[in-house]
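The values are calculated or read from the model by the stated rules, or taken from the named source; none is laboratory data. In this text, all values refer to a predicted model and were calculated from it rather than measured experimentally. Note that we place each Cβ from the backbone using ideal geometry, even for glycine, and neighbour counts take in every protein chain shown.
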Amino acid sequence: MRTNRSCGVLLHPTSLPGPGGIGTLGDDARRFIDLLAGMGMSWWQVLPLNPSACGNSPYSAFSAFAGNPLLIDLDTLAREGDLSKQDHTTVTAAEQVDFGALIPARHETLHRAAAAFFASGRTGRMEDFWHFCDTAPWLHNYALFMALKQRYKGKSWCHWPKSAALLNAEMFEKASVELGPEIGVQKYLQWQFSKQWSHLRTYAAAQGVSIIGDIPIFVAYDSADVWANRDIFLLDEQGKPTVMAGVPPDYFSNTGQLWGNPLYDWDVLKTRRYDWWIERFRYLFSQFDCIRVDHFRGFEAAWHVPAGHKTAVKGSWVAGPGRHLFDALISALGPLPIIAEDLGVITHEVETLRDAFGFPGMKILQFAFGSGPDNAYLPHNHIKRCVVYTGTHDNDTSAGWFADLTEQERCEVRDYLGSAGDNPSDDLVRGALMSVADTAIVPFQDMLGLSSAARMNIPGKAEGNWEWRFTWDMVDKGLTERYRRKLELFGRHRHQPV
């Protein structure tokens, strides 16, 4: 990651404007990149782009490799001839993503596009499609998994018939033949996602904007990753998790967070020289310029909760691979442009692992107040090799956070930031930009000064997350000039494309 002073914006593509009911990789994404470039921003940070599963969360996905088909831009499919005007029905723009209505409608539209593509017989596009299929080693397992999931009406793979859930080589070949048409559809969708993302990233690079991706350390149990690689996870003979991932009680919850993800069998992965992890990072680095590693501390030790528990209170820390994994990654891939998400219960051992490889950690300004001047998140305690955020996707907006403080707490924030508190979003942004941290990242909601209604996620809440979208009329005409001036003032403006 670059070490000159820079700034970026955190916004997931689903939050982009547009008429299709959800943000996509189309024209509005390019317009957003133009906005960032005009401000002199260096980075656009996104959440995981994988096909979301439980609760529509990008951190719970059907695959750690595949892209989310909901992000495919339908206008692009129409321009390529895979959708007609009758097939491509425009939906009124909305400030919330209605996943319940969107998913079945988009599923039907995308299947029509795939059918039109396979019926077209256009040789050049077909050759490009097959080249993609031949160069994506994860693709067939994912496509077969999704085809089986459709056959079994969306049930988790552990509830499929045993012959499908615990697939052997013979049944793998049989299912691949039987489900060939649906497998083809799934591969088409991944081809289209890959093309659209590649074109968007190329556009961003031309404007001097680099993209930060996100890699969750854990994968969803109901995923192609676990189904096709059961030996690298801590599962019983029936494929059920013996322990579940989470974190102990913390800032967000007094009962901890029980994520429910299966945990890795690091002994098996070590004997395989961490091949699955190397391929995962290799693929992500082909998509992004830098990667934020979610729950980095899990590589040093992870919180193991026995299967069947309802909360994360009763668990234990179990050692992870530590530096052995990163040594293997560097040996295979070279230098790793990584941001280590080092929030929560962080020990000296976690910090040592992070610092051994020079990975910048994270500082969250919303965590900075209320515990005195030694709080590591206060700007005067920052170091250069870190990334400062006003808040993340798991935090309230800065305006909402400030409104929820007590008057005494608000007074402390005002005194520290030297502000009257009339615009707490701007105050925290200014604090982030002033920091000595090499990189500052601002959630777009805070740039717009939005209230809690624009919050992206509430940890522990099962429904109603990940739905927020902005509209272009929220972006006033002076925003670009104001932020260009801020970035110039604090030495974070990117004057030339990189």
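Can you confirm whether GLY38 is surrounded by 22 or more Cβ atoms within 10 Å (Cβ to Cβ) and more than 13 Å from the chain's Cα centre (by Cα)?
Against the criterion (surrounded by 22 or more Cβ atoms within 10 Å (Cβ to Cβ) and more than 13 Å from the chain's Cα centre (by Cα)), GLY38 does not qualify.
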If you go through PRO360, PRO335, the only one that is modelled with pLDDT of 95 or more and more than 21 Å from the chain's Cα centre (by Cα) is PRO335
Hey, can you tell me all the residues within the stretch 389-425 that are surrounded by 14 or more Cβ atoms within 10 Å (Cβ to Cβ), of a type in the set (Gly, Ala, Ser) and under 29 Å from the mean Cα position of the chain (by Cα)? GLY391, SER398, ALA399, GLY400, SER425
Scan the stretch 464-493 residue by residue and report those that are part of a helix (DSSP H, G or I) and in contact with a Cys (Cβ under 9 Å, 6 or more places away or on another chain). TYR483, LYS486, LEU487
Failed condition for VAL350, given (1) more than 30 Å from LYS461 (Cβ to Cβ); (2) part of a helix (DSSP H, G or I): (1)
Looking only at residues that are of a type in the set (Val, Ile, Thr) and within 30 Å of ASN254 (Cα to Cα) in the stretch 306-331, which one is modelled with the highest pLDDT? VAL318
Tell me, which residue of the stretch 62-79 that is part of a helix (DSSP H, G or I) and charged (D, E, K, R) is farthest from the chain's Cα centre (by Cα)? ARG79
State whether the residues of the stretch 376-388 include one that is at pLDDT 95 or above, farther than 30 Å from ARG323 by Cα and either surrounded by 15 or more Cβ atoms within 10 Å (Cβ to Cβ) or among the polar types (S, T, N, Q) (or both). no
Is it the case that the stretch 475-495 has a residue that's among the aromatic types (Phe, Trp, Tyr), out of contact with any Pro (no Cβ under 7 Å at 6 or more places or on another chain), surrounded by 17 or more Cβ atoms within 10 Å (Cβ to Cβ) and under 30 Å from PHE99 (Cα atoms)? no
Residues within the stretch 276-321 that are in contact (Cβ under 8 Å) with a residue 60 or more places away in the chain, over 25 Å from ALA228 (Cβ atoms) and charged (D, E, K, R), tallied: 2
Do we have ARG273 as in contact (Cβ under 8 Å) with a residue 24 or more places away in the chain, outside any helix (DSSP H, G or I) and basic (Lys, Arg) here? yes
When the residues of the stretch 253-270 are filtered to those that are part of a loop (DSSP other than H, G, I, E, B) and of a type outside the set (Ser, Thr, Tyr), which remaining residue is surrounded by the most Cβ atoms within 10 Å (Cβ to Cβ)? LEU263
Being under 24 Å from ILE458 (Cβ atoms) and at pLDDT below 95 narrows it down to one of SER371, SER398, so name that one. SER371
Heads up, the helices (runs of 4 or more DSSP H) in the stretch 362-456 (entirely inside) with at least 2 residues that are touching a Cys at 6+ places or on another chain (Cβ under 9 Å) are 424-434
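Matching residues to (1) touching a Lys or Arg at 6+ places or on another chain (Cβ under 7 Å); (2) not small (Gly, Ala, Ser):
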{"site": "ARG414", "(1), (2)": "no, yes"}
{"site": "ASN423", "(1), (2)": "no, yes"}
{"site": "SER435", "(1), (2)": "no, no"}
{"site": "ILE441", "(1), (2)": "no, yes"}
{"site": "MET456", "(1), (2)": "no, yes"}
{"site": "THR471", "(1), (2)": "no, yes"}
{"site": "GLY491", "(1), (2)": "yes, no"}
Qualifying positions in the stretch 26-60 - farther than 27 Å from VAL429 by Cβ and not in a helix (DSSP H, G or I): GLY26, ASN50, PRO51, SER52, ALA53, SER60
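Condition check ((1) over 19 Å from VAL247 (Cα atoms); (2) touching a strand residue (DSSP E or B) at 6+ places or on another chain (Cβ under 9 Å); (3) surrounded by 14 or more Cβ atoms within 10 Å (Cβ to Cβ)) across all residues:
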residue: ASP289; (1), (2), (3): yes, yes, yes
residue: PHE296; (1), (2), (3): no, yes, yes
residue: LEU333; (1), (2), (3): yes, no, no
residue: PRO337; (1), (2), (3): yes, yes, yes
